[in-house]
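*Asks:* Below you will find the structure I want to go over with you.
The values are calculated or read from the model by the stated rules, or taken from the named source; none is laboratory data. The structure displayed is predicted, hence computed values, not measured ones. In this analysis, Cβ positions are derived from the backbone assuming ideal geometry, glycine residues included, and neighbour counts consider all displayed protein chains. Keep in mind that these areas ignore ligands, DNA and RNA; they rest on the heavy atoms of the full protein, side chains included. Shrake-Rupley method; radii C 1.70, N 1.55, O 1.52, S 1.80 Å.
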Amino acid sequence: MWVVATAGHVDHGKSTLVRALTGMEPDRWAEERRRGMTIDLGFAWTRLPSGATVAFVDVPGHERFVPNMLAGVGPVPAAMLIVAADEGWKPQSAEHLAALDALGVRHALLVVTRADLADPAPATRQALAELARTSAADVEAVAVSAVTGAGLDDLRAALDRLGAALPPPDLDAPVRLWIDRAFTIKGSGTVVTGTLGAGRLTAEADLELGGAPVRVRGLQSLGTAVSAVDAVARVAVNLRGVDRSAIARGDALVAPGRFVRTDLIDVRVHGDPADGLPSAVVLHIGSAAVPARVRPLGTDTARLRLDRQLPLHIGDRALLRDPGLHRVPGGVTVLDVCPPPLQRRGAAAARALELSTMDGTPDAAGELRRRRLVHADELTRMGVTPPAPGWLLDPGHEAALRTRLAAEVRAYADAHPVDPDPPVDAMARRLSLPDRGLVERLLTPPLAVHHGRIGTGRRLPERLQRAIDTVRADLARSPFAAPESDRLSALGLGPKELGAAAKAGLLLRIADGVVLLPDAAEVAAERLAGLPQPFTLSEARQALGTTRRVAVPLLEFLHRRGTTRRLPDGRHRLEGSG
Ligand SMILES: Nc1nc2c(ncn2[C@@H]2O[C@H](COP(=O)(O)OP(=O)(O)OP(=O)(O)O)[C@@H](O)[C@H]2O)c(=O)[nH]1
Ligand SMILES: [Mg+2]
C-alpha cells in the first residue's frame with residue numbers, strides 16, 4: 001500500500017479529487033459537508049491500474065486548520081499538491097509546500113485541478129517554479145477536472161509511477177505509530193488510527209503509549225481485520241484496557257524500549273539561521289504538535305525544550321512553526337535526543353562546535369566518543385545500533401578510568417591500613433560509574449573482586465600483625481581465656497583492628513571485644529561432648545576452663561551455627577548427641 005497526503009489552498013478541489021479517484025467520502029463530519037470545507041483529516045483509498053492500493057490522507061486547506069494539515073502529512077512519505085487552475089498559487093499553497101519541504105518530502109505530484117474552469121498551463125508553470133526551489137524539485141504535473149473526469153486516468157497512471165518510485169519502507173524498524181484519530185467502538189473499546197511509516201505491526205504486539213504498556217486487541221487496515229500490517233499503511237488499532245479519554249492526536253504507539261521519551265533535543269535548523277527563529281515555536285513531528293522554547297547554539301543548530309515528552313530518534317525530521325504569524329515553517333533534523341546540560345561557562349559554544357560535526361545519521365562510534373560511557377539499550381532507544389550489549393565505554397575513556405581506579409584503590413588502601421580492601425560500591429561512586437560490574441571490568445590484575453571488595457593483597461601493618469600474633473600465642477596456651485579489654489587496648493587492638501584480624505582469618509570474633517582462635521568452635525564442641533548431655537552453662541564454663549564473659553557468647557555462637565541446641569529448661573545439648 002502507498003499512502004499519499006493531499007496538500008493545497010482552501011477550496012482548490014482536494015476533497016473533490018479524492019472523491020473522484022476513490023468513490024469514498026473524505027469529509028467525515030456533517031459540519032464539513034454543510035460548510036463545503038474540510039476541517040479535519042479524511043481517509044479514502046482505491047486500487048490503481050497496476051493493482052496497487054493507494055490510501056489518501058485528505059487535509060484541510062483553510063489557514064485556520066494548518067495544524068490538522070500538519071498532523072496528516074507528518075507521518076506520510078508522499079504528497080499530492082493540488083492547485084486550482086482558475087485560482088493559481090495562493091498563501092496556503094505556499095505554506096503547505098513549505099511544510100512538505102521542511103519535512104523533507106521528496107516524492108510528490110502536482111495536480112492542477114478545476115481544469116474545466118480555466119487553462120491549467122499558467123497555474124502549472126507557477127507551481128512548478130515554486131516546487132523547483134524545494135526538496136520535491138522533480139515532480140510530474142497532471143491537469144484534471146474532477147467534474148468532467150478529464151485527466152483522471154493520467155493521474156492514476158502518474159500515481160502508479162509515484163508509488164513505484166518510493167523508497168521501500170524499513171520493515172525492521174521499530175514501530176512508532178503517530179495517532180491521528182482515537183474513538184470508541186461499542187463492544188470493542190478504544191480504537192486509534194494512524195499512518196504506519198516503517199516497521200511491522202502485529203495483532204499480538206506489546207506496545208507502549210506514553211511510557212505505559214498497552215496490548216493490541218485487534219488490527220484493521222482499510223476496513224479489513226488483519227493479523228499483521230507492514231509499513232507503509234493506514235492502520236486502525238483496537239487497544240485493550242485503554243480509556244479513550246487518555247489518548248489524543250499526537251500520542252504515539254511505540255515498540256517498548258525502542259525510543260527515548262525526551263523533552264530536550266538538539267537540532268539542525270534548515271533554511272533560516274537559528275538565531276532568527278522566534279523563541280517560542282510549535283514543533284510538529286508525526287501527528288504531534290508540541291510548544292517548544294528555542295535556544296540557538298550555532299548558526300544552524302539549536303536546543304529545543306519541549307512542553308511534553310515525545311518518543312524520538314536521532315535523525316528524525318520535524319518542523320517548527322510560528323503559529324501566530326503563519327510564518328512559513330522551518331525544518332529541523334534531530335541531532336541528539338539526550339543532549340548534555342550546558343551549565344559550565346563556554347559549554348554552549350563547545351556544544352555548537354560539536355553539533356556542527358553531526359548530521360543526524362545514527363553513528364555508534366561518534367555517540368560513544370561523545371558520551372564516553374553509555375548503555376547499549378540507551379543507544380537503541382536513540383535510534384543507534386549498539387556495537388555490543390551492556391555498558392559501552394569509549395576506549396580512550398576506558399584507559400583513563402583504569403588508571404584512575406588503580407589510583408583510587410591505592411589511595412583507599414593507604415587511608416585504611418587496617419582494612420585496605422575498598423568496597424566495590426565505594427569505588428563505583430568515586431568514579432561516578434553507574435554499575436558495579438564496570439569496576440570489575442576496569443580492574444587490572446592482580447587487583448580482583450572478592451565478596452564485594454577489591455582485594456589489594458596488602459599485608460596488615462607490622463605493628464598490628466605483631467599484636468595479633470601475641471593474642472594468638474596466649475590463646476594457643478589457653479584457648480578459652482579470651483584477652484580482657486585492658487589487655488586488648490594495651491596491644492592497640494580496637495574494634496577496627498579486631499575486625500581486620502577476623503576478616504584475615506586470624507581470629508574468631510564471637511562477640512564485641514571477645515576473640516578466640518579461628519578453630520575455637522570445633523575445640524569447644526569436642527570438650528562439651530565429654531559432658532553428660534544436656535549440660536548447664538556453669539558445667540560448660542568449667543569444662544572449657546573459662547569465665548561467664550566468654551562462655552555466654554560462646555554458647556550463643558555455637559547455638560547460632562547449629563552446634564548446640566537450647567532446651568526449654570535453659571540447659572544445652574550438643575546436636576547429634578541423642
Ligand atoms: N468545476 C470544477 N469544480 C471543482 C473541481 N474540483 C472541485 N471543484 C469545486 O471546488 C469547490 C471546492 O472543492 P473541495 O474539494 O471542497 O476543495 P478542498 O480543496 O477540499 O477544500 P478544503 O478542504 O476546504 O481546503 C467545490 O465546490 C467543488 O465542487 C473541478 O475539477 N471542476
Ligand atoms: Mg477538502
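*Asks:* Using a simple spin-label model with points 7 Å from Cα along the Cα→Cβ vector, what separation in nm is obtained for residue 62 and residue 526?
*Replies:* Placing both labels 7 Å beyond Cα along the Cβ direction yields 10.1 nm.
*Asks:* Once both labels are modelled 7 Å past Cα along the beta-carbon direction, what's the residue 462-residue 569 spacing in nm?
*Replies:* Distance between label points: 5.8 nm.
*Asks:* Follow-up. If you roll a 1.4 Å probe over the heavy atoms of the protein chains, what accessible area per residue do you get for the chain, in Å²?
*Replies:* Ligands and nucleic acids excluded, the figure is 46 Å² per residue.
*Asks:* Which of the listed residues, 164, 529, 319, is farthest toward the dipole's positive end in the chain, when Lys, Arg count +1 and Asp, Glu count -1 at the beta-carbon?
*Replies:* It is 529.
*Asks:* Okay, next question. With the Cα gyration tensor of region 1-153 in hand, convert its eigenvalues to equivalent ellipsoid semi-axes via √(5λ) and list them largest first in whole Å.
*Replies:* 19, 18, 17
*Asks:* Rounded to the nearest whole Å³, what is the per residue volume of the convex hull around the Cα atoms of the chain?
*Replies:* It is 228 Å³ per residue.
*Asks:* Ignoring everything except DSSP H segments at least 4 long, calculate the 222 nm mean residue ellipticity for the chain; use -39,500 (n - 2.57) per segment, divide by total residues, nearest 500.
*Replies:* Per the formula, -9500 deg cm²/dmol.
*Asks:* Cross-link partners among lysines for residue 90, C-alpha distance below 19 Å, same-chain residues fewer than 8 apart left out?
*Replies:* By straight Cα distance, residue 90 reaches 14.
*Asks:* Sticking with this structure for a sec: For residue 263, what is the net charge nearby, where nearby means another residue's Cβ is under 10 Å from its Cβ and Lys, Arg count +1, Asp, Glu -1?
*Replies:* Residues near residue 263 contribute +2 overall.
*Asks:* On to the next question. Around residue 191, with a cut-off of 10 angstrom between Cβ atoms, what is the net charge of the other residues, counting Lys and Arg +1 and Asp and Glu -1?
*Replies:* Net charge in that neighbourhood comes out at +3.
*Asks:* Tell me which aspartates and glutamates have Cα within less than 19 Å of residue 186's Cα, excluding those fewer than 8 residues away on the same chain?
*Replies:* By straight Cα distance, residue 186 reaches 243.
*Asks:* Keeping all protein chains in position, work out how much accessible area residue 6 exposes to a 1.4 Å probe, and write it in Å² to the nearest 10.
*Replies:* Probe radius 1.4 Å; accessible area of residue 6 about 0 Å².
*Asks:* Compute the signed sum of charges (Lys and Arg +1, Asp and Glu -1) over the other residues within less than 10 Å, Cβ to Cβ, of residue 454.
*Replies:* Once positives and negatives cancel, what remains is -2.
*Asks:* For region 1-160, with all protein chains present and a 1.4 Å probe, just round the carbon and sulfur fraction of the accessible area to a whole percent.
*Replies:* Ligands and nucleic acids excluded, carbon and sulfur reach 48 percent.
*Asks:* Find how many whole Å separate the alpha carbon centroid of region 168-200 from the alpha carbon centroid of region 72-142.
*Replies:* 28
*Asks:* Per the 1.4 Å probe, what fraction of the accessible area of region 250-406, in percent, lies on carbon and sulfur atoms?
*Replies:* 52
*Asks:* If one takes the longest principal axis of the Cα atoms in the chain, at what angle in degrees, from 0 to 90 and to the nearest 10, does the Cα axis of helix 91-102 lie?
*Replies:* 40
*Asks:* Between residue 415 and residue 118, how high is the FRET efficiency from 1/(1 + (r/R0)^6) when r is the Cβ-Cβ distance and R₀ = 60 Å? Nearest 0.05.
*Replies:* The calculated FRET efficiency here is 0.10.
*Asks:* Report the relative contact order of the chain, percent, no decimals, based on alpha-carbon pairs under 8 angstrom and at least 6 residues apart.
*Replies:* 8
*Asks:* Pairing the Cα long axis of helix 152-165 with the longest principal axis of the chain, what angle in degrees results, from 0 to 90 and rounded to the nearest 10?
*Replies:* 30
*Asks:* Kindly state, to the nearest 0.05, the FRET efficiency for residue 148 paired with residue 224, given R0 = 41 Å and r defined as their beta-carbon distance.
*Replies:* 0.80
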